[in-house]
Amino acid sequence: MESEQSSKEIKKPKLAVFKFASCDGCQLSLLNAEEDLVAIGEAVEISHFLEASSRFTSGPYDLTLVEGSITTPGDRIRIQEVRKQSRYLVTIGACATAGGIQALRNWGDHEEFQRMVYPHPEFLDTLATSTAISDHVQVDFELRGCPVNKDQLVELITDILHQRKPRFSRHSVCIECKRSGTVCVAVSRGIPCLGPITQAGCGGLCPGYDRGCYGCFGPAAQTNVSGLSNWLLKHDVSKTELVPLLRNFNADATPFREEGNRLSSEQDTEVE
């Protein structure tokens, strides 16, 4: 009886972290959590986290964090297997939630890119697109950012382990600028800024250093991207500036993608 009780006490939830096409920055955010990571390590069995340890155990996993986008046929198969092994699957960062900076390939000539970069492109096996994890499997929660906010990441892990629904603010970066007393760079200096349409999470970092927000936390809830575009166009910001601003870290996020496509199409029509 005592041995049965003891085995129940030491059984911990299994945490796994998987990487797809990405720079590893979101995994590093977890490693940078330092003391909080130590506490997490005491509460869970870290079963698979190759950024931190070569030791791993097989699933199923209670919580799986996935960084990176799907860019190869092999990754498309692998994410299906990861999903099958995961009770909860959470995507972390812009690559996993919106295709990442590598989603710029979605608007280019994929084969031409390969020919220009690799001496033997015939050996490559890649997709013409970079897409979010949710385009391929069911995702239980998305944590935005490039990289993710380490405090939000720790909070999310804690919430899920305690069977609480994670809740994060969906308001825009402008709210964070107001709270910190940062003067609006778009109004005061005419700098193109995606703050009004970008989800909070960075603390208004870029406007705090006199530069425009470039949308690394993706679109805010119920955002009016075309409204901001039209306002910026009326204030001497060109479509040539706006399209690359929208096609950035979260280029394939639906509101940014649709507005970028609209502006690009109008640009092409004007040139003709």
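The values are calculated or read from the model by the stated rules, or taken from the named source; none is laboratory data. The structure presented is a predicted model; accordingly, all values stated were derived computationally and were not measured. Ideal geometry is used to build each Cβ from the backbone, glycine not excepted, and the neighbour counts take in all protein chains shown.
Cβ-Cβ distance below 9 Å, separation of 6 or more or different chains: which pairs start in segment 118-130 with a residue that is assigned by TED's automatic domain parsing to the domain that holds Ile70 and surrounded by fewer than 10 Cβ atoms within 10 Å (Cβ to Cβ) and end on one that is in a loop (DSSP other than H, G, I, E, B) and among the β-branched types (Val, Ile, Thr)?
Cβ pairs passing all conditions: Asp125/Thr72.
Please find, among Ser134, Ser86, the residue that is small (Gly, Ala, Ser), within 29 Å of Leu15 (Cα to Cα) and without any contact (Cβ under 8 Å) to a residue 60 or more places away in the chain.
So the residue among Ser134, Ser86 that is small (Gly, Ala, Ser), within 29 Å of Leu15 (Cα to Cα) and without any contact (Cβ under 8 Å) to a residue 60 or more places away in the chain is Ser134.
Ile160 passes all but one of (1) touching a helix residue (DSSP H, G or I) at 6+ places or on another chain (Cβ under 9 Å); (2) surrounded by 17 or more Cβ atoms within 10 Å (Cβ to Cβ); which number fails?
(1)
Just give me the residues in segment 108-159 being under 21 Å from Leu37 (Cβ atoms) and of a type in the set (Ser, Thr, Tyr), in sequence order.
The answer is Thr158, and nothing else.
Of everything in segment 45-94 that's assigned to a loop (DSSP other than H, G, I, E, B) and aliphatic (A, V, I, L, M), which residue is modelled with the lowest pLDDT?
Ala52
Only one of Pro207, Pro196 is out of contact with any His (no Cβ under 8 Å at 6 or more places or on another chain), over 21 Å from Ala103 (Cβ atoms) and buried (at least 23 other Cβ atoms within 10 Å of the Cβ). Can you tell me which?
The unique qualifying residue is Pro207.
Could you go through segment 95-114 and let me know if any residue there is assigned by TED's automatic domain parsing to the domain that holds Ala21, part of a loop (DSSP other than H, G, I, E, B) and in contact with a Gly (Cβ under 9 Å, 6 or more places away or on another chain).
yes
Quick check on segment 42-65: of everything there that is out of contact with any strand residue (DSSP E or B) (no Cβ under 6 Å at 6 or more places or on another chain) and under 15 Å from His162 (Cα atoms), which residue is surrounded by the fewest Cβ atoms within 10 Å (Cβ to Cβ)?
Among those that are out of contact with any strand residue (DSSP E or B) (no Cβ under 6 Å at 6 or more places or on another chain) and under 15 Å from His162 (Cα atoms), it is Glu42.
May I ask you to list the residues in segment 229-272 that are among the aromatic types (Phe, Trp, Tyr) and in a helix (DSSP H, G or I)?
Residues satisfying the conditions are Trp231, Phe256.
Among the residues of segment 159-196, count how many are in contact with an Asp or Glu (Cβ under 9 Å, 6 or more places away or on another chain), free of Cβ contacts under 8 Å to residues at least 24 places away in the same chain and not in a loop (DSSP other than H, G, I, E, B).
Residues meeting the conditions: 2.
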